[in-house]
Amino acid sequence: MFTGISDIDRLFRTMNLLQRKLNNLYGDYGKPSDYRWESASAAPRTNLYEHGDNFEIRAEVPGLEKDDLNVKIQGNYLEITGERASDAPEGYKTHKAERGIGSFSRSFTLPADVDSTKVEATLKNGVLYLTLPKHEAAKPKKISIN
């Protein structure tokens, strides 16, 4: 049982300390923290846009070549996979690694089906650009009134 105000004050200070530690551990995505339990993710950050009859995806893949990436599409399901190797020079000891290494997989369910025969992919300056034309059935049709 509590013996006085100082015990309650100590309890709340301990709870505040715990809250700060948890905030650091599970902070915002991309926010640096010294209390992370797992290593940085190798999965690329992505943006999805829609413009007219196309979807566009931009994925950050710095340091990767086109041979390191695989893109698969089926209907409205898109998957980007790849492998990022360690870039530590031979014989060096790593003290901190914030760039994720290893294989990764990102998958997306797009808002509409995509015509997989017309997909275009470009890798430029560490960014993968995908242009995904909508399937004809997913495009709006104008109906004329008689």
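The values are calculated or read from the model by the stated rules, or taken from the named source; none is laboratory data. What you see is a predicted model; the values in this text were computed from it and never measured. Cβ coordinates were reconstructed from backbone atoms using ideal geometry, including for glycine residues, and neighbour counts include every protein chain displayed.
This table checks each residue for (1) within 22 Å of the chain's Cα centre (by Cα); (2) surrounded by 15 or more Cβ atoms within 10 Å (Cβ to Cβ); (3) in a loop (DSSP other than H, G, I, E, B).
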site: E83; (1), (2), (3): yes, no, no
site: G91; (1), (2), (3): no, no, yes
site: T94; (1), (2), (3): no, no, yes
site: F104; (1), (2), (3): yes, yes, no
site: L132; (1), (2), (3): yes, yes, no
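A count restricted to the stretch 1-49 and to residues that are closer than 28 Å to S105 by Cβ and at pLDDT below 65 stands at 16. Inclusion of E65 among residues that are surrounded by 11 or more Cβ atoms within 10 Å (Cβ to Cβ) and acidic (D, E) is not warranted.
Yes/no matrix, rows are residues, columns are (1) of a type outside the set (V, I, T); (2) surrounded by 11 or more Cβ atoms within 10 Å (Cβ to Cβ); (3) within 18 Å of the chain's Cα centre (by Cα):
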position	(1), (2), (3)
A43	yes, yes, yes
G52	yes, no, no
E60	yes, yes, yes
I80	no, yes, yes
F108	yes, yes, yes
V119	no, yes, no
H135	yes, yes, no
